[in-house]
Amino acid sequence: MELFWNQVLAGISTGAIYAGMALAVVMIFTAIDNFNFAQGEMAMFSTFIAWQLIQWGMPFWWAFVLTVALSFVAGIAIERALFKPLAKAPILTNVAGFIALFAIINSVAGLIWDFTVKPFPTPFGTAPFLGSELVSTHQAGMIGVTFAMLAFLYVFFRYTRIGLAMRAAASLPESARLVGINTSWMIALGWGMATAIGAIAGMLIAPVVFLEPNMMGGVLLYGFAAAVLGGLTSPLGAVVGGLLVGVFENMVGTYIPGAGNELKLPIALALIVVVLVFKPTGLFGRTVVQRV
Amino acid sequence: MRNGLAYGVAALSAIALALASGNALAQKKYDTGATDTDIKIGNIMPYSGPASAYGVIGKTEAAYFKMINDKGGINGRKINFVTYDDGYSPPKAVEQARKLVESDEVLLIFNSLGTPSNTAIQKYMNAKKVPQLFVATGASKWNDPKNFPWTMGWQPSYQAEAIIYAKYLLKEKPGAKVAILYQNDDFGKDYVIGFKKGLGANNGGMTLIEESYEVTEPSIDSHIVKLKSLEPDVLLNIATPKFAAQAIKKVAELNWKPIHVVTNVSTSVGGVMKPAGFEASQGVLSAAYLKDWSDPQWKNDPGMKKYVEFMDKYFADGNKLDGFTVYGYAVAQTLAKVLEMAGDDLTRANVMKQAASLNGFSPDTVLPGVKLTTSATDFAPISQLQMMRFKGETWERFGDIINAEDGGS
Amino acid sequence: MTGTSASRSRLTFSTVSSAVTLAALIAIPLFAKNFFVFQLTMVLIYGLAVLALNILTGASGQFSLGHSAFYAVGAYTSGILIEFAGMNYLLTLPVAGLVCFVFGFLFGFPALRLSGIYLALATFALAVAMPQLLKVGAFEHWTGGVQGLVITKPDAPFGLPLSQDVWLYYVTLAIAIVIYIAAVNLLNSRSGRAMMAIRDNQIAASAMGIDVAFYKTMAFGISAGITGIAGGLGAIVVQFVAPDGYTFQLAIALFLGMVVGGVGWLPGSLAGAAFIVFVPNLAEGVSKGLSGAVFGVFLFIIIFLVPHGARQIAILLQNLFVKFRTTQGGHHA
């Protein structure tokens, strides 16, 4: 039984990694109704910027805040410069654009900072949390910050005018424009916020997985899966999805004999597909009625 | 008159004899890729994709050959080092190999990296009779001169290294419970095979727990948690640098103190021990055949001094703490030696012949006592390693240099 | 009158360009170096895979990021049959195609419940899972596990004086032409129109009596089957199959090939395939350290200039051609 709880806790710790990324995915999906493949790379790049600032002597929290701010601005800038011109292009062309962005960011990061792993400091320390050896204070901190972001997004979308405007712009652009919402800038804002969230997620993840240009590859994949599982329009779903994926994956690895370890990822993904077949909009997603 | 004729005949025969003996200085023989002024060398490395951390080896080698060229080249010929990216994808490796051989017309392909990529091009290289020299992988299959006379490895094989660990553990902790965490690919599996071989029948009386992980996993922490709960005495950490570092860190966080062995691939002080944390890395065991720049013992070592000089001048961006640069230097030096030995007979056959005639050659950055030896039946230049333990901020070697082929005693 | 001459011109332009392309494809290997022939063969093979993707996404509107999985299954099927069953390489291709057809058709069923981004994720999952599945220990004896399988490359038959590369090129070309013509006919047929109706408006199509489930799963099956044949050819030409050769990177490459060529436009498949074979090399040539970035920049430039892919260029050329013809031919009443 102890092993079971150990693995659940370990799964939650890993799941917190996925949850952070999943939040960024949900954010961008809310804004543009699409996945941004480059999101992981952007988070990685932001984390490198934070690392560089710390290397240059800046204290951690200053670097953290500055990075988040820079990421926010960068997200808006990239959207305005590269994707606004593609607004009228087909969706698939936009996806190709995301892939191009991915390649560029990954390559540039590799050139500037090379591919060997770098340790990234954590403000939370790595002592056992509440005496438990399985959850370190960092991981507890990571879960805490993720929930804080979740709360922020919840309040933002539900109770602020801008949040409402953004949701309106994404789901009913025509009507939104009619009531005076600048849908174009809503998209830019969504990008900015998603990039900022990604930066925070990256800075939380790096202490665990180590910083290097390819660090987000696997994480983004899980982040997508978690976001889809939870429902692409629901920040709460993203976090719950992330935790569930982490735990489930661990369970598969621990309890399914033989190929369980090798097939952890495919089985986790298969689970998600199964869930989608029965509940296509995910666990917490809203069903959208399609009119002909 | 008769004397003159005699002298004439004697002189003529002497000249004829000299010519017939194939005096290398008088006769130059080239295959595609070699000329009076240039030798074109091909190389395939993963500069992008999941294995891009190894790309630094290619960069080190390019810098090394630049240094050689600045010093006048080899036997008066400059090295033209052509290196391509295969992103660790076998079909791409095939394409790049064909490009190098058929389009760029190189003399040979040197230190191509990765077991899948090298497996993909092995048949082609041997069919085309182009040397696939000093491949950058420790898989045991490269030492097969009978079937693949144009393919040669360089570093000690993974299996050989694993055998050394097995023998060590049999002596130090007989009957132990050993947890083997391994990367689920050719690298990891080869070690597991070697380790079991080294233990012998009945796993040498040890209990083995095998746990694999995938390269796509962001973090292997959960595997460490699982293994700890099974309370093994030994953790055999068969992982590539990033994952090895994660494991070392997690083991320390969990306050777990097993006998912890990492593979030679993950012993870079800069690339593994530092990110994992020096505190966490105390007592970790491994084996080495290369010198480590962080080891104070080599501060005044002439070989390492040359390496440092080289890095400062030709690869200032490179990290001396990164074991891959030390590796790249050593392999490049070995190729330079082989080409030098080939003299003016730069046919592919002769290059292979010289490569198979290394007799105790010791590159600057290889441990003293480790000697490169090859023969027509032995295509494994390095088979020696010395065990080491991480202490303070560097590796401390102990014991003798062990010949991996008999796995030590 | 103008209408007729314009439609005659449209026919002539595409016929002319097709004829020129075909002539080039047939003639080039006779003069080119073996390595270039090898590269061209890969272009044809990827072209087939992109064609398959065009049928699925372009025609029936089902987004797939998972075609690398079908390609892999086709490659391994061919490889295993050649190495273990001693089957003639040509015969393995229809088998690979059939196996993948079944696989794709079966995958099409759960895919029915998913659309758009969700289907993308499911196919994405398939693409990511495939290398893992290929490594599974249980099948290692056949798949060669992580090490992969080395495949014997066939020689030209009847002792023809052709190199292996040239022979395989012509085999691939012949197969590609046959499949291309079949695909064009499929899309022009009733079934094709049914698929396109589904793509444009699934609910309306269903209301009109089209068996949506049947056509969508068929589209998946056919698309997978063609990709499987491409995979089989790929295995034979490269002489090697290994899990690392069929990762998600391949799925992305095929996707990009489809977009660059023009989604749903079959002739674009060749242009798209040329893009994915040659542009990365070009990028590496420009800058070794930043090859990825250069590639990304090239891609951006292309999608900015021609968001609809090569098809846009073709339409542009076609219009120029028509203009040229009408000004040239004077004004026929």
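The values are calculated or read from the model by the stated rules, or taken from the named source; none is laboratory data. Quick caveat, the model's predicted, so the values are computed rather than measured. In this analysis, Cβ positions are derived from the backbone assuming ideal geometry, glycine residues included, and neighbour counts consider all displayed protein chains.
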**OP:** With respect to C:ALA235, determine if the residue is surrounded by fewer than 24 Cβ atoms within 10 Å (Cβ to Cβ), within 12 Å of chain B (Cβ to nearest Cβ), assigned to a helix (DSSP H, G or I) and in contact with a Phe, Trp or Tyr (Cβ under 8 Å, 6 or more places away or on another chain).
**Re:** no
Subject >> Candidate set from the range C:129-146 (those that are surrounded by 24 or more Cβ atoms within 10 Å (Cβ to Cβ) and facing chain A (nearest Cβ under 9 Å)); member that is nearest to A:ASN36 (Cα to Cα) >> reply: C:MET130
Original post:
In the range C:92-106, which residue that is among the hydrophobic types (A, V, I, L, M, F, W, C) and closer than 15 Å to C:THR172 by Cα is surrounded by the fewest Cβ atoms within 10 Å (Cβ to Cβ)?
Top reply: C:LEU93
**OP:** Given the conditions (1) touching a residue at least 40 places away in the same chain (Cβ under 8 Å); (2) within 7 Å of chain A (Cβ to nearest Cβ); (3) in a loop (DSSP other than H, G, I, E, B), report the number of the one that B:PRO232 does not fulfil.
**Re:** (2)
Subject >> Set C:GLY97, C:GLY104, C:GLY108: member being touching a Lys or Arg at 6+ places or on another chain (Cβ under 7 Å) and part of a helix (DSSP H, G or I) >> reply: C:GLY108
Subject >> Checklist (1) modelled with pLDDT under 85; (2) more than 24 Å from C:PHE107 (Cα to Cα) applied to C:ALA205, failing item >> reply: (2)
Original post:
Which of the residues spanning the range B:355-377 are more than 15 Å from B:ILE402 (Cβ to Cβ), part of a loop (DSSP other than H, G, I, E, B) and not hydrophobic (A, V, I, L, M, F, W, C)?
Top reply: B:SER357, B:SER362, B:PRO363, B:ASP364, B:THR365, B:THR374, B:THR377
Original post:
Looking at B:ASN143, B:ASN202, which is the one that is under 29 Å from B:LYS99 (Cα atoms) and among the polar types (S, T, N, Q)?
Top reply: B:ASN143
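What about B:ALA287, is it aliphatic (A, V, I, L, M), in contact (Cβ under 8 Å) with a residue 40 or more places away in the chain and under 28 Å from A:TRP51 (Cα atoms)?
no
Go through the range C:25-78 and give me each residue that's farther than 20 Å from C:ALA235 by Cβ, among the aromatic types (Phe, Trp, Tyr) and surrounded by fewer than 24 Cβ atoms within 10 Å (Cβ to Cβ).
C:PHE31, C:PHE36, listed by residue number.
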Original post:
What are the pairs, 6+ residues apart or on separate chains, where a residue within the range A:78-105 that is under 15 Å from C:VAL259 (Cα atoms) has its Cβ under 6 Å from a residue that is surrounded by 16 or more Cβ atoms within 10 Å (Cβ to Cβ) and polar (S, T, N, Q)?
Top reply: A:LEU86/A:ASN94; A:PHE98/A:ASN36
Subject >> Unmet criterion (only one of (1) surrounded by fewer than 24 Cβ atoms within 10 Å (Cβ to Cβ); (2) under 13 Å from the mean Cα position of the chain (by Cα); (3) small (Gly, Ala, Ser)) for B:GLY138 >> reply: (1)
Original post:
Would you call A:PHE35 out of contact with any Ser or Thr (no Cβ under 8 Å at 6 or more places or on another chain) and either part of a helix (DSSP H, G or I) or at the interface with another protein chain (Cβ under 10 Å from one of its Cβ atoms) (or both)?
Top reply: yes
Original post:
Which of the residues that make up the range B:297-336 are among the basic types (Lys, Arg), part of a helix (DSSP H, G or I) and more than 23 Å from B:GLY55 (Cα to Cα)?
Top reply: B:LYS305
Subject >> Matching residues in the range C:291-330 - criterion: being surrounded by 15 or more Cβ atoms within 10 Å (Cβ to Cβ) and either part of a loop (DSSP other than H, G, I, E, B) or of a type in the set (Asp, Glu) (or both) >> reply: C:VAL306, C:PRO307, C:HIS308, C:GLY309
Subject >> Long-range neighbours under 7 Å by Cβ, at least six apart or interchain, first residue within 17 Å of B:LEU113 (Cβ to Cβ) within the range B:136-150, second among the charged types (D, E, K, R) >> reply: B:ALA139/B:ASP186; B:ALA139/B:ASP190; B:SER140/B:ASP190
Subject >> Any chance B:ASP221 is charged (D, E, K, R), closer than 30 Å to A:GLY20 by Cα, within 12 Å of another protein chain (Cβ to nearest Cβ) and under 25 Å from the mean Cα position of the chain (by Cα) >> reply: no
**OP:** Pull up the range B:160-213, narrow it to residues that are of a type outside the set (Gly, Ala, Ser), within 14 Å of chain C (Cβ to nearest Cβ) and in a helix (DSSP H, G or I), then point me to the one that is farthest from B:ALA245 (Cα to Cα).
**Re:** B:ILE193
Original post:
In the range A:51-100, how many residues are surrounded by fewer than 17 Cβ atoms within 10 Å (Cβ to Cβ) and either touching a His at 6+ places or on another chain (Cβ under 6 Å) or part of a helix (DSSP H, G or I) (or both)?
Top reply: 13
Original post:
Among the candidates C:LEU81, C:LEU114, C:LEU51, C:LEU44, which residue alone is assigned to a helix (DSSP H, G or I) and free of Cβ contacts under 8 Å to residues at least 24 places away in the same chain?
Top reply: C:LEU81
**OP:** Only helices (runs of 4 or more DSSP H) wholly contained in the range B:32-134 count here; list those with 1 or more residues that are surrounded by fewer than 20 Cβ atoms within 10 Å (Cβ to Cβ) and either aliphatic (A, V, I, L, M) or in contact (Cβ under 8 Å) with a residue 40 or more places away in the chain (or both).
**Re:** B:55-70, B:115-128
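Residues in the range A:122-135: is at least one on the phi > 0 side of the Ramachandran plot and aliphatic (A, V, I, L, M)?
Looking for residues that are on the phi > 0 side of the Ramachandran plot and aliphatic (A, V, I, L, M), one finds at least one in the range A:122-135, hence yes.
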Original post:
In the range B:177-228, which residues are surrounded by fewer than 19 Cβ atoms within 10 Å (Cβ to Cβ), modelled with pLDDT of 90 or more and more than 18 Å from A:ILE256 (Cα to Cα)?
Top reply: B:LYS177, B:ILE193, B:LYS197, B:THR207, B:LEU208
